[in-house]
Amino acid sequence: VTLTFQSCKLLRAERLMLYGSATQALRLRSSASGSPWHLQAMRCDFASYVDVQDSDASYGVPIRAVVSKDGGNNSNWQFLSGDATRVWGGGISADFSVAENWMPAELPDATTTVVFDGFQSTMPRITVPTTVSNLFIGGAAPVTLTVDAPLTVVDSLAVLEEGTLTHSANNDAPATYRLRLEVVNELAVFGTIDVTGKGYRAAVSGIKGYGPGGGTRGGTGGPYYGSGGGYGGSGGDCSVGDSLGVGGGCYGSITAPLDPGSGGGYGHYNQIGHGGGVIDILAGVIRCQGDMRANGVTTLGSSWPGAGSGGSIRLECEVLFGDGIITANAVMSPNLLAVAVVDVLP
């Protein structure tokens, strides 16, 4: 596939979406070979699997191209390719720490750019503390990276369209999993960071949901109705005749929220009211054009169980901007969200 741009004309782009694939690079060419086509990228953008030639991008911010080819006569493009790049293959397992899962078959380290392009059926999982140079996920095909241990990115991390970051589901207290990221420069979210329903689970039998603020059961002898899980405040009560199911209690910190949401109380059917998980991010710049979600699972439309409470989102950065959506919502209970920034851009 080739995109041809009019030579000597300036293209102004608020948002670039230039993604090829491992089997078919996207060729970017001038209408007159050797004569530049001009590009002004307004924000720091990313491209993958592109073959670029005669592009003068000096009118805007640098464009980072991963697993891409510099065809010559380009300005203000940063080609992150070569020996310092590893592409996820997943040929052996889901384990990030197995060299044979990578192309080439060498483990990434703090000098490596890693790419998860979604063209493999095995989704990756990080289970030990990990440091890489740059990380790109998504772009052209759906891919989910499960982060179950601290992840440090010494330059930039881009969650592109079709890309998702999450952590594994927790069961009972104490929590085992949280999504913890440290990004030295920019975290750009165009896809999704989603830990919805990854907190403490709903009651599966008996009365109480899991977690410090687990919801309880209302009703004696059936039918049973569940109350909402608590977290930043008490969960919603439920009343069945003269039997009250009291909402889960309050816990956690309002300034440094790092706890998962609690599960809803036991209902007669469909125990799905799991609490939200935990997103904990330290970054230089956070650009959110996509979604960050740590929601509890709603039970509206199901039969009688209590809803899980929302989880935690903590963002600490120097600059936060974008028109994305950040939520830690719940239907029957409160959540905790903390943002510490030096500057917020429109």
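Annotations
- Among the residues making up the stretch 152-185, those that are crowded, with 23+ Cβ neighbours inside 10 Å, of a type outside the set (Gly, Ala, Ser) and more than 28 Å from Gly213 (Cβ to Cβ) are Val153, Leu157, Val159, Leu160, Val183.
- Output for the stretch 1-21, where each listed residue is under 24 Å from the mean Cα position of the chain (by Cα), of a type in the set (A, V, I, L, M, F, W, C) and surrounded by fewer than 16 Cβ atoms within 10 Å (Cβ to Cβ): Met17
- The stretch 90-118: number of residues that are assigned to a loop (DSSP other than H, G, I, E, B) and surrounded by 17 or more Cβ atoms within 10 Å (Cβ to Cβ): 6
- For the stretch 125-157, a tally of residues being at pLDDT below 95 and among the charged types (D, E, K, R) returns 1.
- Residues of the stretch 29-46 that are surrounded by 16 or more Cβ atoms within 10 Å (Cβ to Cβ) and either in contact with a Cys (Cβ under 9 Å, 6 or more places away or on another chain) or farther than 24 Å from Leu157 by Cα (or both): Arg29, Ser30, Pro36, Trp37, His38.
- Residues of the stretch 144-161 satisfying the condition of being over 11 Å from the mean Cα position of the chain (by Cα) and not in a loop (DSSP other than H, G, I, E, B): Leu151, Thr152, Val153
- Residue match in the stretch 93-100 (condition: over 20 Å from Val154 (Cβ atoms), modelled with pLDDT of 95 or more and charged (D, E, K, R)): yes
- Options Leu320, Leu282, Leu337; residue that is modelled with pLDDT of 95 or more and closer than 30 Å to Glu14 by Cβ: Leu282
- Test: Ser121 is out of contact with any helix residue (DSSP H, G or I) (no Cβ under 9 Å at 6 or more places or on another chain), assigned to a loop (DSSP other than H, G, I, E, B) and farther than 23 Å from Thr164 by Cα: no
- Residue in the stretch 186-198 that is surrounded by the most Cβ atoms within 10 Å (Cβ to Cβ), counting only those that are under 20 Å from Ser309 (Cα atoms) and aliphatic (A, V, I, L, M): Val195
- Restricting attention to the stretch 49-84, the residues that are crowded, with 22+ Cβ neighbours inside 10 Å and either touching a residue at least 60 places away in the same chain (Cβ under 8 Å) or among the β-branched types (Val, Ile, Thr) (or both) add up to 7.
- Residue in the stretch 216-259 that is modelled with the lowest pLDDT, counting only those that are of a type in the set (Phe, Trp, Tyr) and over 22 Å from Val195 (Cβ atoms): Tyr224
- Selection status of Thr111, farther than 30 Å from Leu28 by Cβ and in contact (Cβ under 8 Å) with a residue 12 or more places away in the chain: no
The values are calculated or read from the model by the stated rules, or taken from the named source; none is laboratory data. It should be emphasised that the depicted structure is a prediction, and the values quoted were computed from it without experimental measurement. Counting neighbours? That spans all protein chains shown, and the Cβs are built from the backbone with ideal geometry, glycine included.
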